[in-house]
Each structure stands twice: as C-alpha cells, then as structure tokens.
Amino acid sequence: MSTVFSADEVVNLAKHQTAGNFHPFTCANRSDGNHRNVFGDTGALVPTVRGWICPFCDYIQGWAHGFMKGGEA
Ligand SMILES: [Zn+2]
C-alpha cells in the first residue's frame, strides 16, 4: 500500500479541515444530491494516509497544500 500523507500530516490536515479558518476541501461530486453536510461543508473530504476521501462516494484527492501538512497553523 502506498501512502500519500504521513500519520502526522493526516492529523494536521484534519485540524485545518475543521478549524473554520479555511474553506474545507470538498468533493468534486458534491452537487449530485447524495452528499450531506459534514465537517463544515457539503461533501467535505476526510484526510487519510491514502489521501483525502469522500464519505459519500469514491472520490479521492491525492494532494494538499504544503502549509496544511505542517504543524504550525
Ligand atoms: Zn463525493
């Protein structure tokens, strides 16, 4: 299994995603009617070591801004 983010990066990405200081990353398919409001926005993505995943479909995003992965916010 190849990982996209380290465990520590996942923690920091989750903090950024829910901190309210930034617009959360959201799914490209979030307008299809099957997506709900979670973690601050409709179809907001969840960070994992395999990349961002959508809770509502199979969308995966394999990148994040560098500043989001660091510990200092
Ligand atoms: Zn989705």
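The values are calculated or read from the model by the stated rules, or taken from the named source; none is laboratory data. Note that the structure is predicted; figures quoted are calculated from it, not measured. No Cβ is skipped: glycine too gets one built from the backbone with ideal geometry, and neighbour counts run over all protein chains shown. All accessible areas refer to the heavy atoms of the entire protein, side chains included, with ligands and DNA or RNA removed. Shrake-Rupley method; radii C 1.70, N 1.55, O 1.52, S 1.80 Å.
A few points about this structure:
- Descending semi-axes in Å of the chain, equivalent ellipsoid built from Cα gyration tensor: 20, 15, 8
- To the nearest ten degrees, helix 7-18 and the longest principal axis of the Cα atoms of the chain are 50 degrees apart.
- Computed [θ] at 222 nm, helices only, for the chain once each DSSP H run of length n ≥ 4 contributes -39500 (n - 2.57): -6000 deg cm²/dmol
- Within the accessible area of the chain (1.4 Å probe), percent carbon and sulfur: 52
- The 1.4 Å probe gives accessible areas that order 58, 41, largest first, as 58, 41.
- Exposed trypsin sites (Lys or Arg not before Pro) absent: longest stretch of the chain, with sites in DSSP loops and at most 15 other Cβ within 10 Å deemed exposed: 1-35
- Computed from backbone phi with θ = phi - 60° and the Karplus coefficients 6.51, -1.76 and 1.60, the 3J(HN,Hα) list for segment 38-50 is 9, 6, x, 7, 5, x, 4, 7, 10, x, 9, 5, 8 Hz; x is used for glycine and proline.
- Contact order normalised by residue count of the chain, Cα under 8 Å, 6+ apart, percent: 34
- Over all other residues within a Cβ to Cβ distance under 12 Å of residue 59, the charged ones net out to -1, with Lys and Arg as +1 and Asp and Glu as -1.
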